[in-house]
Amino acid sequence: MAELRVCATGDVPESSARRFDIEGHRLCVVHLPSSDSVGAWYVIGDECSHADYSLAEGDLWPEDCAIECPQHGSTFSLATGEPRSFPATRPVPTYSVQIDGDNVMVVLP
């Protein structure tokens, strides 16, 4: 397992998601508002488990800590990757994320 820099914190504004391709991994980096100055950060696999669509292009549901696939409407937990609605039935991968200064770091398998 390796900890790698995915992007700068400024690359993903609060309340948004963005796709990054790192060492063969297609990642969706999500920055949600939180009570601290850093915000809440999540990194999940960017490919919907139902069909090959980018989750980073979907809508965020901050109150549910979820993201919605823009094509068929499946929602996924940002914390666990588990699908919360059909048609997706399989989870997407989740990754450990750390903020190191201005860098978003992720642990990849």
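The values are calculated or read from the model by the stated rules, or taken from the named source; none is laboratory data. Keep in mind that what you see is a predicted model, and the values were worked out from it rather than measured. Methodologically, a virtual Cβ is constructed for each residue, glycine included, from the backbone with ideal geometry; neighbour enumeration extends over all protein chains shown.
Worth pointing out:
- Odd one out for Asp100 among (1) over 22 Å from Pro13 (Cβ atoms); (2) modelled with pLDDT of 95 or more; (3) surrounded by fewer than 16 Cβ atoms within 10 Å (Cβ to Cβ): (1)
- Hey, Ala79 closer than 16 Å to Ser16 by Cα, out of contact with any His (no Cβ under 6 Å at 6 or more places or on another chain), in contact (Cβ under 8 Å) with a residue 24 or more places away in the chain and small (Gly, Ala, Ser) or not: yes
- The residues of segment 1-38 that are surrounded by 20 or more Cβ atoms within 10 Å (Cβ to Cβ) and either among the small types (Gly, Ala, Ser) or more than 26 Å from Phe86 (Cβ to Cβ) (or both), listed by number, are Val6, Val12, Ala17, His31.
- Within segment 39-76, if we keep just the residues that are of a type in the set (Gly, Ala, Ser) and touching a residue at least 40 places away in the same chain (Cβ under 8 Å), the residue that is surrounded by the fewest Cβ atoms within 10 Å (Cβ to Cβ) turns out to be Gly45.
- Among the candidates Ala51, Ala17, the residue that is hydrophobic (A, V, I, L, M, F, W, C) and touching a helix residue (DSSP H, G or I) at 6+ places or on another chain (Cβ under 8 Å) is uniquely Ala17.
- Output for segment 24-60, where each listed residue is under 16 Å from Ser96 (Cα atoms) and not aliphatic (A, V, I, L, M): His25, Arg26, Cys28, His31, Gly39, Trp41, Tyr42, Gly45, Asp46
- Residue count, segment 73-105 (criterion: in contact with a strand residue (DSSP E or B) (Cβ under 9 Å, 6 or more places away or on another chain) and on the phi > 0 side of the Ramachandran plot): 1
- If you go through segment 77-86 and pick out every residue that is crowded, with 16+ Cβ neighbours inside 10 Å and of a type in the set (A, V, I, L, M), you end up with 1.
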